[in-house]
1. Any chance you could get the radius of gyration and Dmax over the Cα atoms of the range 131-186, in Å?
2. Using the Cα atoms of the chain to build a convex hull, what is its mean projected area in square nanometres?
3. On full extension of the chain, what length is gained from T24 through T176, given 0.36 nm per residue of separation minus the C-alpha to C-alpha distance?
4. Mind ordering 79-89, 25-35 by average Cβ neighbours within 10 Å, highest first?
5. Run through the range 150-224 and list the chymotrypsin sites (Phe, Trp or Tyr not before Pro) located in a DSSP loop whose Cβ has at most 16 other Cβ atoms within 10 Å.
6. What is the distance in Å between the Cα centroid of the range 164-231 and that of the range 16-68?
7. Taking 0.36 nm per residue of sequence separation and subtracting the Cα-Cα distance, how much length would be gained by fully extending the chain between Y70 and D229, in nm to one decimal?
8. How much length, in nm to one decimal, is gained on full extension between A60 and N144, taken as 0.36 nm per residue of separation minus their Cα-Cα distance?
Amino acid sequence: MTSSNKETRATIVAVGPGDNGFLTLKGKQAIEDADLVAGFETVLNVIRPFVKGAELCSMAYRNQEEVLDYAVDKVINEGKSLVVCAWGDLNVSAKELLDRVRKRVDHVELVPGISSVQIAMSRTGISLEHTVFVTLHVRAGTENALDELIHYLKDGRRNIILLPRPYDLMPAGIATGILSKGVSADRQMTVFQRLTYNDEQSWSGTIKECSEITTEFSDLSLMVFHQPDTN
Ligand SMILES: C[S@@+](CC[C@H](N)C(=O)[O-])C[C@H]1O[C@@H](n2cnc3c(N)ncnc32)[C@H](O)[C@@H]1O
């Protein structure tokens, strides 16, 4: 598929949290129709079975700018169609990738997907309207997010879903840090690892018990702090 339109376009497809059964039909169609499909290798692994002849542009953190430049150059100079794949949903802790694509092309179409956050909510039976979401999965500046986390933990009115940051801000360290700020040690929490994969795991206990865990957590880990009154 090629485009004669002079304005540059790309589609960002959110591929879901790991099991490709969570890729939407819209996302699958966009991948099937694309000339180029770019994404981190782990993300491409999810959608590989649906690629029909597209050139795969695998990115790593260190070369993502160069890979996107390469792909967008083909859009501009050869009229190719480009899909960039994002993990989970593209409106959940994926802004850096969206901004990288947006600064390179005129029009970005977004195809949303299923987030790891939605899977965690369905596993625990909690609703978005009773939940606050905080991410530490940013390159810098986690101080505000940690302050908000402590604020909402002390406030006690909501479940809190937290994305840790591999590998320096992980569940046991976060639990230790928030205890030192006076958060209740008895608050119940769950850590999910590798949601939707065959080796998915979950651990539940108190914040104090989490702080004592010495085994390593997967980079695909997500924390749920349960609302005190209802859990
Ligand atoms: C950069 S964020 C992107 C989140 C993604 N956009 C989403 O909607 O799930 C990556 C983080 O999401 C969480 N995550 C993503 N997939 C997961 C999974 N299958 N199981 C547990 N946590 C997951 C982990 O905290 C991981 O470090």
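1. In order Rg, Dmax, the Cα atoms of the range 131-186 give 10.7, 30 Å.
2. 12.9
3. That pair, T24 and T176, stretches by 50.9 nm at full extension.
4. Top to bottom by mean Cβ count within 10 Å: 79-89, 25-35.
5. Sparse-neighbourhood loop chymotrypsin sites (Phe, Trp or Tyr not before Pro): Y167, Y197.
6. If we compute the Cα centre of each part, the gap is 30 Å.
7. 52.0 nm
8. Details: separation 84, 0.36 × 84 = 30.24 nm, distance 2.75 nm.
Here the answer is 27.5 nm.
The numbers here are math on the coordinates, done by the rules we state, and not lab data. Nothing here was measured: the structure is a model prediction, and the numbers come from that model. Because the Cβ atoms are built from the backbone with ideal geometry, glycine has one as well, and the counts that use them run over all protein chains shown.
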